[in-house]
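Asks: Below is a structure I'd like to ask you about.
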Amino acid sequence: MTALDAVSVYTPAFRVPIEDLADPLGLTDIQVRLFRRFHGLDQVRFDPDRSPDGLLRAAAEGLAELRGQEHRVRYVVHGRAMPVVVPYPVNPLHDVCRQLGLGHALAFTVTQQSCASGLLAVDLAGRLLAGDPDEDALALVLTGEKAFTRHARLLPGTSLFGEGASACLVSANGPRDRMLSFVCAQRGEFDGEFGDREDDFQRQYRPSLAEVINRAVADAGLALDDIRLVLPHNVNVVTWQRLCTLMDFPVRRVLLSNVPENGHLFCTDAFANYRTARERDLLREGDHYLVATVGAGAGATFSAMVFQH
Amino acid sequence: MTAPDAQVDIASRDRVVQAMTTVLKRLVERQEPITEDMHMADELGVSSSLGLELLLEVEEQLGIQIDVERMRPDELLTVGQLATFIAANSRPW
């Protein structure tokens, strides 16, 4: 059973109040006030001094459990939201693999599910390990990217993106944080290539996310009330408040405190929220928790994963 | 969930309706009157993001804070339904 053996997160110390992003992003006063009042945003993290591979390395270097185990790492999977982040032939993933002594590993990037690609990477890592003849093989899942353009920094009326990275050591049979289920719904009909579907996407956002959450919980053999904690994507606060109302799930069991602290860190939110939950002792041995996210780009992906701690 | 009418102060609700219609006319650039039975999405073209802008401006005009986490947008379809919800689920700043 796929397990998260260790998780490390790097979030830059440099934070920008959302009011300071108004000019560079072309936001009106009311758009900024909406982000603060309803979306729960306060500041967004950036690291102007780190390149894409620097972000990934910062997260991986915090993964003490990786040291001395590099030879066991067979796969390195980068879950990333943006399809293209550097000019050819630069390859931040291959660079960081060499820097970490992982040049022997099969390394590749998945971006097909946008911000949901981090969970996809965990699922893929687990599948690859399950099919690997070496029972001791490990996979390293990385997330992290630069919010390098206006398009990458702003989801109009919805969220502001920041920078951060995570490194997650995955095993096929680890003793902790075992994945019990994974459900994702890929919704190609929301691709902007087929016309403006934004209103329809907004209307279906919460019901679609609720549906994959309920399926993931059922596939894990649980009821929603068995979920001690939800680790959300940091899209904004009001979306999660309304989703909880829709699902009759207490919003106090959704870890939303990183929304004002970080902004939306692309694929890194799930892992950053996991670290926060651990640091605050919000998960006890045996607890079930759920990670949920939505990727919106070329189409949309709604994903939910249930773990036992 | 939308609060029952019996719990809504009529004068408060009237003030909410007045503020909403004023703000809505500007947001959707409509000259004609806006009535309580109008469907906000289908008749007035209010998207979810424009709906939040409406709530923010109503809050600021009336000096109230709306309890948005209790909202079920799918049950608040008309101007009148949203006004009733706001009147029943808001408090002074």
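Where a number appears in this text, it was derived from the coordinates with a stated rule and is not lab data. No experiment lies behind these values; they were computed from the predicted model shown. Cβ atoms come from the backbone with ideal geometry, glycine included; neighbour counts cover every protein chain shown.
Asks: What does the net charge come to around residue A:145 if you take all other residues with beta carbon closer than 9 Å to its beta carbon, with K and R at +1 and D and E at -1? Provide the component values of the computation, followed by the final result.
Replies: Working: positive: A:80, A:146; negative: A:163.
Local charge sum for residue A:145: +1.
Asks: In a shell of Cβ-Cβ distance under 11 Å around residue A:126, excluding residue A:126 itself, what net charge do Lys and Arg (+1) and Asp and Glu (-1) give? All intermediate terms of the calculation are to be shown ahead of the outcome.
Replies: Working: positive: A:127, A:178; negative: A:123, A:132.
That works out to 0.
Asks: Using a simple spin-label model with points 7 Å from Cα along the Cα→Cβ vector, what separation in nm is obtained for residue A:225 and residue B:47?
Replies: About 4.0 nm, to one decimal.
Asks: Name the residues of the range A:156-183 whose amide N is less than 19 Å from a point 7 angstrom out from the Cα of residue A:30 along the C-beta direction?
Replies: So the set is A:156-159.
Asks: Would you compute, from DSSP H runs of 4+ residues alone, the mean residue ellipticity of chain A at 222 nm, taking -39500 (n - 2.57) per run and dividing by the full residue count, rounded to the nearest 500?
Replies: On the way: 10 runs with 98 residues, N = 309.
After summing the helix terms and dividing by residue count, I get -9000 deg cm²/dmol.
Asks: Can I ask one more? Apply the a/c threshold of 1.5 to the C-alpha gyration tensor of the range A:55-129 and tell me whether it is rounded, prolate or oblate. List each step's numbers first, then the result.
Replies: Values: a/c = 1.73, a/b = 1.24, b/c = 1.39.
In terms of gyration-tensor shape, oblate.
Asks: Further, regarding this structure: Taking the Cβ-Cβ separation of residue A:152 and residue B:67 as r and a Förster radius of 60 Å, what is the calculated FRET efficiency to the nearest 0.05? Before the final figure, lay out the partial values.
Replies: Working: r = 34 Å, r/R0 = 0.56.
Efficiency computed from Cβ-Cβ geometry: 0.95.
Asks: Would you please give the FRET efficiency between residue B:31 and residue A:16, computed as 1/(1 + (r/R0)^6) with r the Cβ-Cβ distance and R0 = 51 Å, to the nearest 0.05?
Replies: On the way: r = 41 Å, r/R0 = 0.80.
The computed FRET efficiency comes out at 0.80.
Asks: To continue, here is another question. Expressed as a rounded percentage, what relative contact order does chain B have, with Cα pairs under 8 Å and six or more residues apart? Before the final figure, lay out the partial values.
Replies: Details: 106 pairs, mean separation 42.7, N = 93.
Reported as a whole number, the value is 46 percent.
Asks: May I ask which residue of A:68, A:115, A:129 lies farthest towards the positive end of the charge dipole of the range A:16-152, with charges of +1 (Lys, Arg) and -1 (Asp, Glu) on Cβ and the Cα centre as origin?
Replies: Going by the Cα projections, it comes out as A:115.
Asks: Tell me what chain B gives for mean residue ellipticity at 222 nm when only DSSP H runs of n ≥ 4 count, each as -39,500 (n - 2.57), the sum divided by the residue total, rounded to 500 deg cm²/dmol.
Replies: Working: 3 runs with 43 residues, N = 93.
Counting only the DSSP helices, I get -15000 deg cm²/dmol.
Asks: In debye, nearest 20: dipole of the range A:167-309 around its Cα centre with unit charges on the Cβ of K, R (+) and D, E (-)? Walk me through the intermediate numbers first.
Replies: Numbers: 15 positive and 19 negative charges, 100 e Å.
For this selection, approximately 480 debye.
Asks: Hey, can you rank A:124-134, B:29-39 by average C-beta count inside 10 Å, highest first? Before the final figure, lay out each step's value.
Replies: Values: A:124-134: 15.8, B:29-39: 11.4.
Highest-to-lowest ranking by the protection proxy: A:124-134, B:29-39.
Asks: Also, I was wondering about something else. Could you tell me how far the Cα centroid of the range A:20-43 sits from the Cα centroid of the range A:137-161, in Å?
Replies: A separation of 18 Å, based on Cα centres.
Asks: Of all alpha-carbon pairs in the protein assembly as shown, indicate the percentage at a distance above 30 angstrom. The partial results should precede the final answer.
Replies: Values: 34623 of 80601 pairs.
For the protein assembly as shown, the fraction of Cα-Cα distances above 30 Å is 43 percent.
Asks: Something else: What percent antiparallel are the DSSP beta bridges of the protein assembly as shown, to the nearest 5?
Replies: Numbers: 44 of 61 bridges.
Rounded to the nearest five, the antiparallel share is 70 percent.
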